[in-house]
Amino acid sequence: MLNIKSAEEVFPVMSAYGRFPITVVKGKGSYVWDDEGKKYLDYTAGIAVLALGHVPDAVETVLKKQLDTLWHCSNLFHIASQEKLAAMLTDLSCCDQVFFCNSGAEANEGAIKLARRYAHLIKHKENGHIVTFDHSFHGRTMATLTATAQEKIQNGFGPLVPGFRYLPYNSEEAIQAIAEDPDCIAVMLEMVQGEGGVLPADETWVKALSKVCGEKGILLIVDEVQTGIGRTGTLFAYEQYGIEPDVVTVAKALGSGIPIGAVLAKKEVSQVFTPGTHGSTFGGNPFATAAGVATLEAFEKQNVLEQCSKNAASLTNKLNELKEKHPDAIQSVRGKGLLIGVATFAPAIDIVNQMREKHQVLILTAGKNVLRILPPLITNENEINYFINALDQVLGD
Ligand SMILES: *Cc1c(COP(=O)(O)O)cnc(C)c1O
């Protein structure tokens, strides 16, 4: 037997997360159950992962079959579900080729490597830098936490990775700075800054940014790890801005909860990844990509984007009504689709805790004074009403 310290001495899981005091053991649709059988309305959706809700039937059926067929196979062989998912993603986006990995950070890491190699091979530019924006979030690996322009994410992890420059989001000044920066090889941004406080990018600003990138031969990388796969009402949020990024990263919702990430790119850019230049053992694994295919097929069959837009309109209207009713509690309601932020005057975490304890509703924060509400895209009017009623009561107290 291994000599393991008892759980009383040292909690065996590292304390990298603050955790809510419940243990989730089961989920279906918009609901989860804890180990005491208590049922909760889950408007966190695994942080924007569970677009189709927990254990969606359509994906469950496919994965049960996949369990009996093939779990893993290396990328030294062709993988049918990987090629199918790549074809679906390129059909549905402005990109031509896909590299698969396992998470959002790994997808962004891949996008950064792709941009650097493109600069090296095609532009013959060494030591250029990538522009990212204040309050962004791109992941927790060394390069992606460096890309993340937030002191609290970087603190204590230096030396950081060279080759990044931070500029203010939604600012004219940033576009000017990029236009005048001969060493800028790429710009990476979120269409809605999720972790940074649910801040949507301004449409005119994004268009101007995209224009300047096009003129200067600077790659435009859109981090759709949180916004992608339907969260904002279109499959990718960039579609709503009338732009065509060179590189798009996705992860969270793509596998309905099975870990998967992907870097999508236009062929001029993707061609620089030749055999041996990049890799990932589990990336594009048969099980994960089968989940991805089943997820995108369910989007089509169940009109999930329409459901999302309808639910988003209803929920946003009702939140704005609550804002009118409780002007001392709610400052603003913002976001896109079902990526919704509610700026509050009181600490958001107090509201989150009361929603859970008194009404069995799970929601998140995004910073100190923002509630982050992330329902599964397939939520419905009954669930929205239950949620609004609960929030109304909590704000009334
Ligand atoms: C969650 C997130 C990431 C990181 O994804 P992981 O899967 O946690 O590595 C990167 N970018 C954005 C915009 C995210 O929301």
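Looking across region 166-192, the residues that are among the charged types (D, E, K, R) and more than 22 Å from the chain's Cα centre (by Cα) come down to Glu172, Glu173, Glu180, Asp181, Asp183. Restricting the first member to region 227-250 and to residues that are farther than 19 Å from Gly46 by Cα, and the second to residues that are crowded, with 23+ Cβ neighbours inside 10 Å and polar (S, T, N, Q), the beta-carbon pairs closer than 6 Å and six or more apart or on different chains are Ala237/Thr227. Criterion applied to Ala107, Ala87 was being hydrophobic (A, V, I, L, M, F, W, C) and touching a residue at least 12 places away in the same chain (Cβ under 8 Å), and the one residue passing it is Ala107. For residues that are within 20 Å of the chain's Cα centre (by Cα) and of a type in the set (D, E, K, R), tally how many sit in region 53-108. Residues meeting the conditions: 1.
Would you check if Val263 is within 19 Å of Ala86 (Cβ to Cβ) and out of contact with any Lys or Arg (no Cβ under 7 Å at 6 or more places or on another chain)? So Val263 passes the test. So is Glu357 touching a residue at least 40 places away in the same chain (Cβ under 8 Å), out of contact with any helix residue (DSSP H, G or I) (no Cβ under 7 Å at 6 or more places or on another chain) and either surrounded by 15 or more Cβ atoms within 10 Å (Cβ to Cβ) or assigned by TED's automatic domain parsing to the domain that holds Ala45 (or both) or not? Answer is no for this residue. The helices (runs of 4 or more DSSP H) found entirely in region 88-186 that carry 1 or more residues being within 16 Å of the ligand (Cβ to nearest atom), over 25 Å from Ser74 (Cα atoms) and modelled with pLDDT of 95 or more are 104-121, 142-147, 151-154. Determine whether Ile22 is surrounded by fewer than 18 Cβ atoms within 10 Å (Cβ to Cβ) and within 16 Å of the ligand (Cβ to nearest atom). Here the answer is no, as Ile22 does not meet what is asked.
Can you name the residue in region 223-238 that is farther than 18 Å from Lys266 by Cα and either surrounded by fewer than 24 Cβ atoms within 10 Å (Cβ to Cβ) or not hydrophobic (A, V, I, L, M, F, W, C) (or both) and is also nearest to the ligand (Cβ to nearest atom) among such residues? Working first, answer last.
So in region 223-238, the residues farther than 18 Å from Lys266 by Cα come out as 226-227, 229-234.
Now narrow it down to the ones that are either surrounded by fewer than 24 Cβ atoms within 10 Å (Cβ to Cβ) or not hydrophobic (A, V, I, L, M, F, W, C) (or both): 226-227, 230-234.
Numbers: Gln226: 3, Thr227: 7, Gly230: 14, Arg231: 10, Thr232: 12, Gly233: 17, Thr234: 16 Å.
My answer is Gln226.
Screening Ala87 on (1) among the aliphatic types (A, V, I, L, M); (2) within 25 Å of Val304 (Cβ to Cβ); (3) loosely packed, with under 11 Cβ neighbours inside 10 Å shows it passes everything except condition (3).
Scanning region 239-293 for residues that are of a type in the set (Lys, Arg) and within 13 Å of the ligand (Cβ to nearest atom) returns a single hit, Lys252. Checked against (1) surrounded by 22 or more Cβ atoms within 10 Å (Cβ to Cβ); (2) not in a loop (DSSP other than H, G, I, E, B), Ala51 passes all but condition (2). The single residue among Glu195, Glu224 that is modelled with pLDDT under 95 and closer than 25 Å to Lys252 by Cα turns out to be Glu195. In region 153-164 there is at least one residue matching the filter, namely being within 16 Å of Phe133 (Cβ to Cβ), touching a strand residue (DSSP E or B) at 6+ places or on another chain (Cβ under 6 Å) and either surrounded by 18 or more Cβ atoms within 10 Å (Cβ to Cβ) or in the same structural domain as Cys213 (by TED's automatic domain parsing) (or both). When Leu76 is tested against (1) at positive phi; (2) without any contact (Cβ under 8 Å) to a residue 40 or more places away in the chain, only condition (1) is not met. Selection within region 301-354: residues that are basic (Lys, Arg) and more than 25 Å from the chain's Cα centre (by Cα). The member of this set that is surrounded by the fewest Cβ atoms within 10 Å (Cβ to Cβ) is Lys325.
The values are calculated or read from the model by the stated rules, or taken from the named source; none is laboratory data. From a predicted model like this one, the values you see are computed outputs, not experimental measurements. A quick note on method: Cβ atoms are made from the backbone with ideal geometry, for glycine too, and the neighbour counts reach across all protein chains shown.
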